[in-house]
Amino acid sequence: MRIRKLSVEGAVEFTPTALHDDRGLFVSPFQETPFRKATGRPLFNVAQTNHSRSRRGVVRGVHFTATPPGCAKYVYCAQGAALDIVVDIRVGSPTFGNWDAVRVDPQSFRSVYFPVGVGHAFIALENDTVMCYMISGEYVPENEHALHPLDPDLDLPLPKDIPLIISERDQVALTLAEAEKQGLLPRYERCREAEATLWR
């Protein structure tokens with residue numbers, strides 16, 4: 001398992017080794033020992049798993065959970081391909097405003113760990129792109145927020161050659177500056193505190 005720390009503090013990319021033979025392949029997108037090595041702790045207690053399927057050009061996000069309670073994620077792509085994007089929206093974070101992007105697909109089986117409080121977005125690069133998530137909290141609609149994926153201040157690396165498909169919710173979402181002005185963005189220290197409770 002190869003480990004790469006991303007340019008958003010606390011976010012990590014994991015790339016496992018796939019075993020191929022004449023039957024196909026076997027791979028473990030999540031492995032506890034490398035995760036502990038990268039983060040200093042085991043994976044959070046999984047409260048929910050999510051599975052989404054998207055056609056080419058679908059953009060989901062930038063989504064985030066109010067903190068508290070906050071939510072951490074471990075995400076990989078089981079089919080198709082996507083550009084998975086982590087955005088640091090935690091006010092007071094040393095990497096506030098930064099993003100990093102990882103191509104995820106079932107050739108590399110890269111996975112991404114999203115710490116509590118960051119924003120998450122992805123764009124499907126192929127039809128029938130399947131994204132799989134393990135998350136630390138259950139879905140509670142009133143705790144879920146969105147930022148506009150085309151916010152020029154975020155300047156996310158969305159491909160220029162793919163027509164984008166953005167939900168109505170995300171089309172009317174606030175910009176980063178608007179969300180900060182309204183006090184909706186998570187505070188870094190509260191996120192750190194919330195993340196520490198995931199292992200108690």
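The values are calculated or read from the model by the stated rules, or taken from the named source; none is laboratory data. What you see is a predicted model, and the numbers here were worked out from it, not measured in a lab. Please note: Cβ atoms are built from the backbone with ideal geometry, for glycine as well, and neighbour counts cover all protein chains shown. These area figures cover heavy atoms from the full protein model, side chains too; ligands, DNA and RNA do not enter into them. Shrake-Rupley method; radii C 1.70, N 1.55, O 1.52, S 1.80 Å.
Report ³J(HN,Hα) in whole Hz for each residue of the stretch 54-59, in order, from the Karplus equation J = 6.51 cos²θ - 1.76 cosθ + 1.60 where θ = phi - 60°; Gly and Pro get x.
Values per residue, Gly and Pro as x: 9, 8, 4, x, 5, 10 Hz.
Check cross-link reach from residue 73 to the aspartates and glutamates: straight Cα distance under 18 Å, and skip same-chain residues fewer than eight apart.
9, 13, 32, 84, 88, 100, 105, 138, 144, 193, 195
Would you mind putting 111-117, 80-86 in packing order, based on average other-beta-carbon counts within 10 Å, highest first?
Final packing ranking: 111-117, 80-86.
Report the gain in length on full extension from residue 49 to residue 165: 0.36 nm times residue separation, minus Cα-Cα distance, nm rounded to one decimal.
Extra length from residue 49 to residue 165 when fully extended: 39.3 nm.
Give, as ranges by residue number, the residues of the stretch 1-20 whose backbone N falls under 20 Å from the point 7 Å along Cα→Cβ of residue 30.
1-6, 10-19
Counting only heavy atoms of the protein chains, get the accessible area per residue of the stretch 131-200 (1.4 Å probe) and round it to a whole Å² value.
63 Å²
In the chain, carbon and sulfur make up what percent of the accessible area (probe 1.4 Å)?
48 percent
Taking the highest mean first, how do the peptides 173-183, 188-198, 59-69 order by number of other beta carbon atoms within 10 angstrom per residue?
59-69, 188-198, 173-183
List, in order, the whole-Hz ³J(HN,Hα) value for each residue of the stretch 111-128 obtained from phi through the Karplus relation with A = 6.51, B = -1.76, C = 1.60 and θ = phi - 60°; use x for Gly and Pro.
Working through the residues one at a time gives 10, 10, 9, 10, x, 4, x, 7, x, 10, 9, 8, 10, 6, 8, 9, 5, 6 Hz.
Considering only the other residues whose Cβ falls under 15 Å of the Cβ of residue 155, what net charge follows from Lys and Arg at +1 and Asp and Glu at -1?
-3
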